[in-house]
Structure formats: structure tokens, C-alpha cells
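Colleague: Have a look at this one before I ask anything.
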Amino acid sequence: MSDPLDEPAGVSQYLTTPITRREGGRCSMRVVGRCRMVPRARFLAALGFALATVASPSSAWADERQRQVLVMYSTRRDAQIVVVGDRELPRILEGGLQQGVDYYSEFIDATRFAHSDYRAANRDFLRLKYTQHTFDLIIAMDDLATELAVESRRDLFRETPIVFFSDHPSPRPPNSTGLIAELNLGATLALATTLQPDTQHVFVVNGSEDRYLEVARRQFRTFEPRLSITYLTRLPTNELEARLAALPAHSIVYYLIVGRDGANENYNPLDYLDRIAAVSAAPIYCWVDSSMNHGIVGGSLKSQVAEIRAVGQLAVRVLRGERPDSIPVSTADFNVSQVDWRQLRGWGISEARVPAGTTILFREPTAWERYRIYIVGATVLVLAQAALIVGLIVQRATRQRAEAKLHASQTKLIASYDRIRDLGRRLLTAQEAERARIARELHDDIGQQMAIVTADLELLGRDGPARLDGGRLVVETLDRARLVGKSLRAVSHRLHPANLRLIGLVPALGGLQRELSSTETRIAFTHDDVPPALPQDVSLCLFRVAQEGLQNAIKHSGARDISVRLRAGGDSLVLMIDDDGTGFDVEAAPPGLGLISIAERVEQVGGTLQVRSMPGGGTHVEVSVPLRTEPSMKSVAV
Amino acid sequence: MTPDLPRVLLVDDNQEILDRAAAILSRDCTIVGAVKDGPAAIDATVTLRPDLVVLDLSMPGMNGFEVAGRLRAIGCAAPIVFLSVHGDADFVQAATAAGAIGYVVKSRLATDLVTAVTEAHAGRPYVSRMA
């Protein structure tokens, strides 16, 4: 069978005890002695058989007697198939029978015991060893074991059923059943050429064993001449290593088995595989799964576990009482496609070429797979931290902006407060100055005149018009009284123009023009399409603008020519005052009280104020107010 | 009073002016009423149907121009003589536009009012000499 690879470098041989091996000669002596015991054993066996045949299979199954099972392997005892078999079979058998099994195993190490007497020696050994045993079943793994079991039936396992395994079609012995899984060495080559399509050379490594070599030669023929196939067999190990180290490009190595090399040195085939894998210049493929993890890329590999389990299931059926001859010999395929991920990487073979259904073993997790949780965690942490930092920066910037804004608005507020305070102070001053002027006028002019009128009237009252110059005094007093009246009207007019209220804006502006015109300053007043009826606030606003503008032009800019234009257009009424005076820098000069009060008045009637001026360039004041006529004023139309 | 004297309605918010004007006109006119604001003037005109209205220009509420406008609007055709402290030509012009035939400055009340009313009654304009 197929486990040659598994054979270790000869810890022990086929025997279960070293004593037997050392005392081979005395063994044969004992054989005679034991032989006397044989009739009794035969009797017991015959009795057991008779009982088994008389009783139904179920009754045989029902009895609690411990079953004795002998497994015979066609390999050395440390082969991998033995390791797998001795581990799996007792479990399978005991599990299937649900009771303990008395389990034995024997080994035929034909590779190391190549001489012709080995077979007979084995037979004798078994006969001597098991003469007092009656086995319920012999499991024979591969041809050598099957042959030995059959041969031993003559004097030892006469009635014992056999369950056999073979890797090629073989005849079925009496009272047996079996399982045949044919060797398929070519499948590995097919996989190898799929993984490495540019393969041109195949170097088949084999030791002294012939059985796999023959199968290989037969099965590999179909790959020729596409592939040139070279068989490196029976070479001394150092020579083989030298050959493998110097393989041409586009080569692969197919490892069949080396248990003994061309120099007749024995090796554990898996150790040998490790050794050549270390030196090979080309990827190595194999055919059995025990070779995985020994430096091969992979292959279509026979699964030893699957093989052992199938044999075990068959054994359970027989032990349960089924007649072996009634169970047909079945065939099976235990090959599985496997590749070693590390070798793919090592030889630069693309994983994409691995056919579907192939198991990839020994895949090393990538850094991502291995540290995914840490990477994700760290990334999340870093991102969160970054977000936090960005958030803090944004927050700081926002705060700084808000602070700057606050500071600016505070500054503005302070400036505005200062301006208002200054304005208030100036307003108070101006109001006080105006009051003082009116008081002075009332006292100095009107008051004095009234005092004289009063005094003259007293004089007239005492002396009468009969007095010498009585007639003149009456005339003078009358004139003085009229003058007082005129002065009073002038004061009243300055306080509030009565004509504006009574006869309208245009006549009032005309009055202003006449009032302020002089030889130094010419004032021109034009008006165009002005509606006769205007709201009081609009009239007063425009009148005050004109009054302030004219006074500024006369007093501050020394203008010689001033034009006042009032024009209605569309929905607005526009007043423009232009002078040819000295002008001023609008941006630099702080607005005077007059301008401030004008702006205030204009704003109150929803209008706009523009002042354009430059030093030496005169001044242009323009006020535009929305035009809305007041129906109640129509009656005032003049 | 003789029937051919013009029947005059006096309108002024100042009682003293009303008294003075009544005294000045008493010899040449029949004073049918003396009222102190615009609405009363309009009512009195409707009920008393004066031949002539002597109307103060500056009054609280309705001013003289407004009263004149209303009188004309309700069909009153009586001549109107304005009284005013203002001696500007603008005022005179405005008064004329409002339908007045006479304009008397109050400082010349004693000398000008009788002439202005007599002229107005005869259909002729009269304006006080401006100071």
C-alpha cells in the first residue's frame, strides 16, 4: 500500500517485541511447543465459528464477548499509515461495536528486509506468536499483508475473515471483503502543470522501491512528450542532491518514495523528502497527504485518514456479523487536492492558478488578517483623535472669530457710545447757544424797543398829545411798535417757518433764498413739478436740509454761487444743493451737528442723503425722499 | 343799521382782534357773527349767509386757506378778506390763489380794514401796504 513515505528510519521492524527479533532461533523451538496447543485453539475457533453460523448475525452482535482484531500493515511500524491506522482503527471499531476491542498490529518491513526468507520468517513468527489467539477479524493493509494473512490461514487464521485494502485491482480471497483505491499518480502531475503551465521537465525521484515507479511510468506516459520526464532512481543521496540542486528552468520534482537510496542506506521517506526539499532548485510535488508540510508544493494526495476510516467501517460491518463474502469489494478514491500556501509564495506561483476544490493549507494570515482588530481599533482611535483635534481647532478658531467679532463690536460700541456722548454734549451746547441767541435777541432788541414804547406811552399818557412834540412821539411809538412786531415775527420764523406750514415748501424755499441771498453770495432756486400738497414731515425735512445746506455753504465754505434745485421725478422728490465753495474731505471730516441732524431727518421720512465733496471742489448735497401726497392737504393747494 | 350796509362775518382765534375788528367796522358794516375757528366759520356762513367774510390766516386746526377752500367747495361765493400778521408777498399770492379778494396786515388793522372790506364789497381787490 501507499504509506512507504511514512516509514521512519528503522526504529524497530515488523515485530511487536524486540525479543522475538533477537532470539529468532529459539523462536522456532517454541514454535514446536506452541504447536501442541494448536488443536485446542482450533477447537475453540471452530466452536466460535459454529456458534456464529448457527446464531443469527444479530445474536452474534448481541453477545458481549470482547472482539480480537489483528491489523497487518505492509510497511515498517513507524510509517505514517501505521500512525494513522493505530490511532483511528481502535476508535472506529470500538465506536461501531460499542464495546472494547482487543487490538493487535503487525508490520511487514519488506524494504529493509529484502531477502527471500523474510516472508517465511513472518509466517513462522505469526504462527508462533498467535497460536493461542483466535481473531475475529484480520485487517490486511495492502498486498503483502493480504498475502501473508491468506498464507497463514493454512495453520493459523483458518476461519478468520479478512478485510483487505489494495491500491490496485486484486483477487478476492475466500471469506473476505475489501476496498480498492487505485493509485492515481498522474493527477498530481495534472495539478502541477495547472499551477505551473510553463513546466517542461519533470524529475521523478524514487529510491530502491519498484512498485510506485512502475505505476508512475505507466501513468506519466500520457504527459509525454509535452513534458520531458526523467526518472532519478536508485541514486546515492549526495548525487541526487547534486542533481536536484542544478535542475534546468521550468522543472518540477515529483517525489515518489525513497526508503533506501542507491548507496543502500535506509531512510524515513518523509525525512528524506525534507532533505531533498532543502536543496531542490525546483518545486516538489507528491501523491500522498503525509508529505504535506515536508517542503512540497502539493498534489492530488491520497488521504490516509479517509482510507483508514473506510477500511474501519468495513471492519465494523464484518465484526457485527455480516458475512464478508456477502459484502461486495468496493472501490474508492481517497485523493484530495492540496497545496501549501507557503510553497506557492516561495516559488512565486500565483494563488489565482489554484483550481477550485483545492485545499490551501498553511496559509499565513496577512498582517491585516492577523492584526485586523488592532489595526481597526488603532485607526478608529487615530480617526477619533484626529476628529477631536480638528473639532478643537475649529472650536478654537470659532471662539477666536467670535472673540474678535465681540472685540470689534465692543470697540464699535465704545466708539458709538463716545460719538453719542459727544453728540449729546454738542447738542446741549448748540441748544444752549440757540437759547442764548434768542434770549439775547428778545432782551437786547425786542425788550429794549418795548421799554422805549412803554416809556413813550407813559409820557403821552401823562402829558397827552397836546405836548409840544406830541404828534411826533405818537408816530415814533407806532413805528417802534411795528418794528417790535417785525422782530418778533423774525424770531418766530427762525424758530419755525410759518409760511412752510401755511403756504408750502416751494414758497418757503423761495423765502429762504431771498432771506439768505446777499451781495457776496448768489443763490439760485429752481423747482420742477413739485406737487403743491406735501406731508408736513417731508416739507419740513427738505426745508431744514436746504436751510442747513445753505447756511453751511455760506458760513463754512465761502461759496459765491449756490444752486438749490427741487425736482419731483417718479416716486421721489429730490433736493440738490451745489456750491462752489472750498469743499472738504467727506471721509476724514467728522460730520457736524447740522449734517447729523439732516441725516436723522432724512432717515425719519425714509429718504437718502448723499454728500459729495472734496477739498477745493465744492460740495454737492442730494436728498431723495419717497413721494407720497396727502389727500387732506389738497385743500391747502395754493 | 341801514339795509345796504354789507353783512360781515368775522373769523379769528384771538378775541381782542375780533373786538377791534368789530369796533373798526361797526360804522360801515353789519357784523352778523364773530367766530373763533374754521368749523364754526363754515357753520356760520351756511346759516347766516354773510355778504363778506373777514378771515384770519393763522388759526389752530383749520387755517384760513383751508377754511376758504371749504367755503368755496360748499358753494359760498361771498368775498373773503384775509387778516394776517405776515406781510410777505408769498402770503398775498397764496391768499389770492385761495380765492381772497382782500389782504390786510394786522398791524394796519385800524387803517386798512374798512377800506379793504368796502373795496371787497364793491368787487375790488385790496392789499395792505407791506412793511
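Colleague: Sort A:584-597, A:80-93 by packing, meaning the average of other beta carbons within 10 Å per residue, with the highest value first.
Modeller: Output ranking for A:584-597, A:80-93: A:80-93, A:584-597.
Colleague: So for chain A, taking the charge dipole from beta-carbon charges (+1 Lys/Arg, -1 Asp/Glu), which of A:135, A:464, A:248 sits furthest toward the positive end?
Modeller: A:135
Colleague: Could I ask something else about it? Given the C-alpha centroids of the stretch A:550-604 and the stretch A:401-448, what is the distance between them in whole angstrom?
Modeller: Rounded to whole Å, the Cα centres lie 20 Å apart.
Colleague: Quick one: helix A:367-440 against the long Cα principal axis of chain A, what's the angle to the nearest 10°, folded into 0 to 90?
Modeller: 0
Colleague: Something else about it: Under a 10 Å cutoff between Cα atoms, tell me which one of B:16, B:66, B:119 has the largest fluctuation in the Gaussian network model of chain B.
Modeller: The residue with the greatest mean-square fluctuation here is B:16.
Colleague: Count the DSSP beta bridges whose two residues both fall in the stretch A:512-638, then state the antiparallel fraction as a percent rounded to the nearest 5.
Modeller: 75
Colleague: Helix-only mean residue ellipticity at 222 nm, the protein assembly as shown, DSSP H runs n ≥ 4 weighted -39,500 (n - 2.57), per residue, nearest 500. What is it?
Modeller: Calculated mean residue ellipticity at 222 nm is -15500 deg cm²/dmol.
Colleague: OK, next. Specify which residue in the list A:169, A:384, A:207 is farthest towards the positive end of the charge dipole of chain A, using unit charges on the beta carbon of Lys, Arg (+1) and Asp, Glu (-1), about the Cα centre.
Modeller: A:169
Colleague: If you consider only alpha-carbon coordinates, what radius of gyration and Dmax does the stretch A:276-385 have, in Å?
Modeller: Final numbers for Rg and Dmax: 21.9, 77 Å.
Colleague: Over the Cα atoms of the stretch A:423-537, how large are the radius of gyration and the largest Cα-Cα distance (Dmax), in Å?
Modeller: Final numbers for Rg and Dmax: 20.3, 61 Å.
Colleague: Can you pull the one-decimal nm distance between simple spin-label points at residue A:419 and residue A:371, each 7 Å off the Cα toward Cβ?
Modeller: 6.4
Colleague: Something else: Just the Kirkwood number for the stretch A:475-525, please: inverse of mean 1/r across all distinct Cα pairs, in Å, one decimal.
Modeller: Value: 12.5 Å, from the Cα pair sum.
Colleague: For the pair B and A, how large is the buried accessible area, both sides, in square angstrom to the nearest 100, if the probe is 1.4 Å?
Modeller: That pair of chains buries around 1300 Å² in total.
Colleague: How are the C-alpha pair distances of the stretch A:479-638 spread across 10 Å bins, as whole percents from the shortest bin up?
Modeller: Calculated P(r), rounded to whole percents: 10, 38, 35, 14, 3, 0.
Colleague: What is the projected area of the convex hull of the Cα atoms of the protein assembly as shown, averaged over all directions, in nm²?
Modeller: Reported value for the Cα convex hull: 76.8 nm².
Colleague: Using a 7 Å offset from the Cα along the Cα-to-Cβ direction at both residue A:392 and residue A:565, what is the distance between the two label points in nm, to one decimal?
Modeller: Each label point is offset 7 Å from its Cα along the Cβ direction, giving 6.6 nm.
Colleague: Same structure again: Could you size up the charge dipole of the stretch B:44-117 around its Cα centre, putting +1 on the beta carbon of Lys and Arg and -1 on that of Asp and Glu, and report it in debye to the nearest 20?
Modeller: 180
Colleague: Could you work out how far helix A:80-97 tilts from the main Cα principal axis of chain A, as a 0 to 90 degree angle to the nearest 10?
Modeller: 90
Colleague: Can you tell me what percent of all Cα-Cα pairs in chain B are more than 17 Å apart?
Modeller: Within chain B, distances greater than 17 Å cover 51 percent of Cα pairs.
Colleague: Would you give the gap between the C-alpha center of the stretch A:194-244 and the C-alpha center of the stretch B:15-42, rounded to a whole Å?
Modeller: 151
Colleague: Over the Cα atoms of the stretch A:234-315, Rg to Rh with Kirkwood Rh, two decimal places?
Modeller: 1.06
Colleague: Follow-up. Based on the Cβ-Cβ distance of residue B:46 and residue B:124, what FRET efficiency does E = 1/(1 + (r/R0)^6) give at R0 = 25 Å, to the nearest 0.05?
Modeller: So, using R0 = 25 Å, E works out to roughly 0.45.
Colleague: Can you tell me the relative contact order of the stretch A:477-577? Whole percent, Cα pairs under 8 Å, sequence separation 6 or more.
Modeller: Worked out over the stretch A:477-577, it gives 27 percent.
Colleague: Where the only charges are on Cβ atoms (+1 Lys, Arg; -1 Asp, Glu), what is the dipole of the protein assembly as shown about its Cα centre, to the nearest 20 debye?
Modeller: 2140
Colleague: Between residue A:476 and residue A:412, what is the FRET efficiency for a Förster distance of 51 Å, r being their Cβ-Cβ separation, to the nearest 0.05?
Modeller: Calculated value: 0.20.
Colleague: Partner chain Cβ atoms within 10 Å, averaged over the residues of A:496-504 - can you pull that number for me?
Modeller: Per-residue shielding by partner chains comes out at 5.
Colleague: Explain nothing, just the number: dipole magnitude of the stretch A:204-316 about its Cα centre with +1 on each Lys and Arg Cβ and -1 on each Asp and Glu Cβ, in debye rounded to the nearest 20.
Modeller: Taking the Cα centre of the stretch A:204-316 as origin, the dipole is about 380 debye.
Colleague: Provide the packing ranking of A:550-563, A:285-298, A:365-378, i.e. peptides ordered by the mean count of other C-beta atoms within 10 Å per residue, highest first.
Modeller: A:285-298, A:550-563, A:365-378
Colleague: Let me ask another. Answer rounded, prolate or oblate for the stretch A:176-235, using the Cα gyration tensor with square roots of eigenvalues a ≥ b ≥ c: rounded when a/c is under 1.5, else prolate when a/b is larger than b/c, else oblate.
Modeller: It is oblate, given that a/c is not under 1.5 and a/b is not larger than b/c.
Colleague: Report the gain in length on full extension from residue A:520 to residue A:608: 0.36 nm times residue separation, minus Cα-Cα distance, nm rounded to one decimal.
Modeller: Length difference between fully extended and current span is 28.6 nm.
Colleague: Is there a simple number for the mean count of other chain Cβ atoms within 10 Å of the Cβ of residues in B:91-97, and what is it?
Modeller: The shielding value for this peptide is 4.
Colleague: Could you tell me what fraction of 2.2 N^0.38 Å the Cα radius of gyration of the stretch A:532-608 comes to, as a two-decimal ratio?
Modeller: Dividing the Cα radius of gyration by 2.2 N^0.38 Å gives 1.15.
Colleague: Further question on the same structure: With a 1.4 Å probe and every protein chain kept in, tell me what percent of the accessible surface of chain A is carbon plus sulfur.
Modeller: C and S fraction of accessible area: 57 percent.
Colleague: Tell me the accessible surface of residue B:17 in square angstrom (1.4 angstrom probe, heavy atoms of protein chains only), to the nearest ten.
Modeller: For residue B:17, solvent-accessible area is about 40 Å².
Colleague: Take the Cβ-Cβ distance between residue B:15 and residue A:399 as r, set R0 to 56 Å, and report the resulting FRET efficiency rounded to the nearest 0.05.
Modeller: 0.15
Colleague: Also: For residue A:238 and residue A:305 in one chain, what is 0.36 nm times their gap in residues minus the Cα-Cα distance, to one decimal in nm?
Modeller: 20.8 nm
Colleague: Additional query: Run the 1.4 Å probe and let me know the accessible area of residue A:230, rounded to the nearest 10 Å².
Modeller: 50
Colleague: With a 1.4 Å probe and every protein chain left in place, work out the accessible area per residue of chain A in Å², rounded to a whole number.
Modeller: Per-residue value: 52 Å².
Colleague: Hey, another quick one. Of the beta bridges DSSP finds with both residues in the protein assembly as shown, what % are antiparallel, to the nearest 5?
Modeller: 30
Colleague: Relative to the longest principal axis of the C-alpha atoms of chain A, give the angle of the C-alpha long axis of helix A:536-555, reported between 0 and 90° and rounded to the nearest 10°.
Modeller: 80
Colleague: How many angstrom lie between the Cα centre of the stretch A:74-104 and the Cα centre of the stretch A:475-512?
Modeller: First find each Cα centre; the distance between them is then 140 Å.
Colleague: For chain A, with the dipole built from +1 on Lys and Arg beta-carbon atoms and -1 on Asp and Glu ones, taken about the Cα centre, which of A:559, A:474, A:540 lies farthest toward the positive end?
Modeller: Selected residue: A:540.
Colleague: Can you pull the one-decimal nm distance between simple spin-label points at residue B:74 and residue A:528, each 7 Å off the Cα toward Cβ?
Modeller: Modelled inter-label distance: 4.3 nm.
The values are calculated or read from the model by the stated rules, or taken from the named source; none is laboratory data. This structure is a prediction, so every number in the text was calculated from the model and none was measured. When we count neighbours, we look across all protein chains shown, and the Cβ atoms used for this are built from the backbone with ideal geometry, even at glycine. Side chains are part of the model used for accessible areas, which takes the heavy atoms of the whole protein and leaves out ligands, DNA and RNA. Shrake-Rupley method; radii C 1.70, N 1.55, O 1.52, S 1.80 Å.
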